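To start, the structure under review is shown below, and the notes come after it.
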Amino acid sequence: MRNATFFLAQSQYDWLAEHLPAPPPSKTKPVTPNNELLNGVLFVLKTGCRWQDIPVSICVHGYSSCWRRFSFWRKRGGLKLVWQQVLLLLDKQGALDLTLGHLDGSLVQSPKFQGTGYNKRHHRTGTNISLLTEKSGLPLTNMTAKGNRNDVVSAEATIRKLRVGAKRRIAELNADKGYDSTALRRNLRKRGIKTNIPERKYKHRRKLGRKPNYDKAKAKFRAFVERTNAWLKYFRKLRYRWERKKCMFQAVVDLACLLICLRRVEI
């Protein structure tokens, strides 16, 4: 089965199907292998269609089998575990640069589902995706929160989720002025993480204390996380949220980040 539509090589597709968890064998009904259902899941992620709209040419086992297998991967935590394995492979191949990390948030519009909120800045109701990438823009961790929650609230929790083998932190964080927070700088400094965040300017008051260091040359690398957010929105399933449960939407985001990283692995 060729998968040029999803920009995965055949070796990468087979590797992903092999490392994702599979249900235990049953005596009454044979278990469908992952490589026969993965194509249907990727079709929904890429096109953003409903599960019942998966054509027979993509998966002959029916849409319910694809949805149940995707839900099984989520419950077993297989998507995040495989994502960590892919990051470890990239680190061994020298494709990850943790000397500088980029943090940014992106709003996905949706109806009033579980884990959504009204964002006054964008005048939309949706879910915010907090994304941490390495220097070249490969996603390392992510976190979903309500659309009305400030980016600073999810920043430290997103950074603490970083797992690349024995490595648990980046050397320096690059972010925009929306993450300008004294508490965030202090907590990251305790973990040995430098910050390169611009300071907000206020018209009627002046901040006390020493101004934080800000390197404009390093700030230009923040364009890579903006590009990664565009890669995520390339998957039409993430342009508008139709998943009612927050856990299912989180699984869709994890799968998209997994595919972005898997494309860079030489298998």
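The values are calculated or read from the model by the stated rules, or taken from the named source; none is laboratory data. Worth saying up front: this structure is predicted, and the values here are computed from it rather than measured. Note that each Cβ is placed from the backbone with ideal geometry, even for glycine, and that neighbours are counted across all protein chains shown.
Take the residues in segment 195-207 that are surrounded by fewer than 17 Cβ atoms within 10 Å (Cβ to Cβ), of a type outside the set (Asp, Glu) and within 23 Å of LYS220 (Cα to Cα), then tell me which one is modelled with the lowest pLDDT.
LYS201
Test each condition in (1) touching a strand residue (DSSP E or B) at 6+ places or on another chain (Cβ under 7 Å); (2) small (Gly, Ala, Ser); (3) under 24 Å from GLY77 (Cα atoms) for ALA251 and report the one that comes out false.
Failing condition for ALA251: (1).
Got at least one residue in segment 214-227 being assigned by TED's automatic domain parsing to the domain that holds PRO111, closer than 27 Å to LYS146 by Cβ and not in a helix (DSSP H, G or I)?
No, segment 214-227 has no match at all.
Listed residues ARG168, ARG189, ARG160; which is more than 19 Å from LYS245 (Cα to Cα) and more than 21 Å from the chain's Cα centre (by Cα)? Before the answer, list the steps.
Numbers: ARG168 fails: more than 21 Å from the chain's Cα centre (by Cα); ARG160 fails: more than 21 Å from the chain's Cα centre (by Cα).
Going through ARG168, ARG189, ARG160 in turn, just one is more than 19 Å from LYS245 (Cα to Cα) and more than 21 Å from the chain's Cα centre (by Cα): ARG189.
Limited to segment 228-267, what total is found for residues that are more than 14 Å from the chain's Cα centre (by Cα), assigned to a helix (DSSP H, G or I) and surrounded by 21 or more Cβ atoms within 10 Å (Cβ to Cβ)?
The number of residues fulfilling the criteria is 0.
Which one of TRP67, TRP83, TRP73 is hydrophobic (A, V, I, L, M, F, W, C), without any contact (Cβ under 8 Å) to a residue 60 or more places away in the chain and either surrounded by fewer than 19 Cβ atoms within 10 Å (Cβ to Cβ) or not in a strand (DSSP E or B) (or both)? If you could, list the steps in order and put the result at the bottom.
On the way: TRP83 fails: without any contact (Cβ under 8 Å) to a residue 60 or more places away in the chain; TRP73 fails: without any contact (Cβ under 8 Å) to a residue 60 or more places away in the chain.
TRP67 is the lone residue from the list that is hydrophobic (A, V, I, L, M, F, W, C), without any contact (Cβ under 8 Å) to a residue 60 or more places away in the chain and either surrounded by fewer than 19 Cβ atoms within 10 Å (Cβ to Cβ) or not in a strand (DSSP E or B) (or both).
What number of residues within segment 176-196 are in a strand (DSSP E or B) and closer than 17 Å to ASP104 by Cβ?
Summing the residues that are in a strand (DSSP E or B) and closer than 17 Å to ASP104 by Cβ in segment 176-196 gives 2.
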